[in-house]
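**Q** Take a look at the following structure, please.
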Amino acid sequence: MKRAALIAGTVIVALFAAAWLATLSPAFGDWAYAKLATRMAERPIPVLAKPGELSVLLCGTNAPLPDLHRAGACTLIAAGDDLYVVDAGLGSVRNLVMWRVLLAKVKGVFLTHFHSDHIADLGELRLQTWVAGRRTPLKVYGPPGVEDVVAGFNRAYSHDADYRTAHHGENFLPREDVDLVPVVVPMTGATAPALNANGLVVTAIRVDHGPVKPAYGFRFDYAGRSDQR
């Protein structure tokens, strides 16, 4: 993890240096940026799950208090070729980007509750999945209130999306695809169905996290395997 962070930091510094040099020599800046981008693209892409497999990647395990070595709460679920994110704590999306996870394959986000350390990177997840190639609005599943959270992030990041589409063009970053879409999972008993798609069944489970009400856990069932978050 430390090595990945060091490599990522070096690349970022180099990219900024290339951008600065481009103001002095555009040809050199273009060459340097292309070389660095090519080098990053040549790094191997991890295979998280093969067809019929279910896997779990912990992209953040930190408590609310700051920790230099751990990102906020986040779990990535791979069900075959489809990816789902459970919670998006601070710094978790940076980990996914550095680990070269194919974020365009993220089909949805599940929020267990709305404490800040579980939703802080939702806007960044919105951005990075879009930049990676997501071409449909990203569904965010959660307890009642998820519609307020989603609306807030969409509004806060709306100008940013406008700028990026204006800079790169609609063909590369279609503005209509960027937004998050809330999916309220209502619950009257102890459990409730949250998703059934491509062989994956996700069940919401009521949990005690007072004074937070409601708060959910999520069970993922796929190809005879299961995981509970």
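The values are calculated or read from the model by the stated rules, or taken from the named source; none is laboratory data. Everything numeric in this text was worked out from a predicted model, so none of it was measured. Methodologically, a virtual Cβ is constructed for each residue, glycine included, from the backbone with ideal geometry; neighbour enumeration extends over all protein chains shown.
**Q** Could you count how many residues in the range 105-155 are closer than 21 Å to Thr61 by Cβ, touching a helix residue (DSSP H, G or I) at 6+ places or on another chain (Cβ under 7 Å) and aromatic (Phe, Trp, Tyr)?
**A** The total comes to 1.
**Q** Leu76: assigned by TED's automatic domain parsing to the domain that holds Gln128 and at pLDDT below 95, yes or no?
**A** No: the conditions fail for Leu76.
**Q** Let me ask something else. Of all residues being in a loop (DSSP other than H, G, I, E, B) and over 14 Å from the mean Cα position of the chain (by Cα) in the range 136-148, which is surrounded by the most Cβ atoms within 10 Å (Cβ to Cβ)? Just the residue, please.
**A** Pro143
**Q** Can you go through Leu180, Leu200 and tell me which one is more than 25 Å from Ala151 (Cα to Cα) and touching a residue at least 24 places away in the same chain (Cβ under 8 Å)?
**A** It is Leu200.
**Q** Out of everything in the range 99-135 that is of a type in the set (Gly, Ala, Ser) and in a helix (DSSP H, G or I), what residue ends up being surrounded by the fewest Cβ atoms within 10 Å (Cβ to Cβ)?
**A** Across the range 99-135, the extreme among qualifying residues is Ser116.
**Q** Consider only pairs whose beta carbons are under 8 Å apart and that are at least six residues apart or on different chains; among these, list those whose first residue lies in the range 48-60 and is in a strand (DSSP E or B) and whose second residue is surrounded by 13 or more Cβ atoms within 10 Å (Cβ to Cβ) and among the acidic types (Asp, Glu).
**A** Final answer for the pair search is Leu54/Asp227; Val56/Asp227; Gly60/Asp87.
**Q** Can you tell me which residue among Ala161, Ala151 is modelled with pLDDT of 95 or more and either in contact with a strand residue (DSSP E or B) (Cβ under 8 Å, 6 or more places away or on another chain) or outside any helix (DSSP H, G or I) (or both)?
**A** Going through Ala161, Ala151 in turn, just one is modelled with pLDDT of 95 or more and either in contact with a strand residue (DSSP E or B) (Cβ under 8 Å, 6 or more places away or on another chain) or outside any helix (DSSP H, G or I) (or both): Ala151.
**Q** Before we move on, is Pro137 touching a strand residue (DSSP E or B) at 6+ places or on another chain (Cβ under 9 Å) and more than 21 Å from Leu200 (Cβ to Cβ)?
**A** Answer is no for this residue.
**Q** Scan the range 160-172 and report the pairs whose first residue is in the same structural domain as Ala104 (by TED's automatic domain parsing) and whose second residue is in a helix (DSSP H, G or I) and of a type in the set (Lys, Arg), with Cβ atoms within less than 8 Å and a gap of 6+ or a chain change.
**A** Taking only residues 6 or more apart or on different chains, the pairs are Ala161/Arg175; Asp162/Arg175; Thr165/Arg175.
**Q** Which of the residues spanning the range 199-210 are modelled with pLDDT of 95 or more and assigned to a loop (DSSP other than H, G, I, E, B)?
**A** Result: Gly199, single match.
**Q** Let me confirm something: among Arg206, Arg229, Arg225, which residue is touching a residue at least 24 places away in the same chain (Cβ under 8 Å), crowded, with 17+ Cβ neighbours inside 10 Å and charged (D, E, K, R)?
**A** Arg229
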